[in-house]
1. Within the bounds of the range 2-24, is there any residue that is closer than 22 Å to G83 by Cα, touching a helix residue (DSSP H, G or I) at 6+ places or on another chain (Cβ under 6 Å) and either in a helix (DSSP H, G or I) or not assigned by TED's automatic domain parsing to the domain that holds K81 (or both)?
2. Does the range 40-61 hold any residues that are outside any helix (DSSP H, G or I) and either in contact with a strand residue (DSSP E or B) (Cβ under 9 Å, 6 or more places away or on another chain) or on the phi < 0 side of the Ramachandran plot (or both), and which are they?
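The values are calculated or read from the model by the stated rules, or taken from the named source; none is laboratory data. Everything numeric here is computed off the predicted structure, so don't read it as measured data. Glycine also receives a Cβ, built like all others from the backbone with ideal geometry; neighbour counts cover every protein chain displayed.
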Amino acid sequence: MTQTPPEAPWNQRFRGWFRRHWLLDTAWRLSVFTVGVTLICIGIVLLVLPGPGWGMIALGLIVLASEYVWAQRLLAPVRRKLGAAKRKAQQPQYRNQIRAVSAAFVVVMAAAAGAYVWRYGLSLDGVRGLWPL
């Protein structure tokens, strides 16, 4: 095993200390694997349920990639896609389109709220049939 140089960052020195003790190294790898797989499983569940499913899967891969090379390889396409999305979001034309769609959404929601208030006033008469009050 290699010694971690004393000028290395604290996290590399910490991990190097763990690697020197086989029981601690095994426990560390097992805990990283457990946390990473748990996050990925939660992400898979959140693909069906409301929530950030893909984000949780990516977070699980990031945790696993801190220790395992196979997870780093799985994470590489995700990083490329995130980089492409970042470049696209930074384009002025795309930002203007997002602003226009957001402004249209705000106008439609304001019109719907105004129509509700005009029709029913500030009461809940329009939504009483949707759930028992």
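1. Within the range 2-24 (the criterion being closer than 22 Å to G83 by Cα, touching a helix residue (DSSP H, G or I) at 6+ places or on another chain (Cβ under 6 Å) and either in a helix (DSSP H, G or I) or not assigned by TED's automatic domain parsing to the domain that holds K81 (or both)), the answer is no, since none of the residues qualifies.
2. Result: L49, P50, P52.
Here's the yes/no breakdown for (1) loosely packed, with under 14 Cβ neighbours inside 10 Å; (2) assigned by TED's automatic domain parsing to the domain that holds Q12; (3) assigned to a loop (DSSP other than H, G, I, E, B):
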residue: T38; (1), (2), (3): yes, yes, no
residue: V63; (1), (2), (3): no, yes, no
residue: R79; (1), (2), (3): no, yes, no
residue: A84; (1), (2), (3): yes, yes, no
residue: I98; (1), (2), (3): yes, no, no
residue: M109; (1), (2), (3): yes, no, no
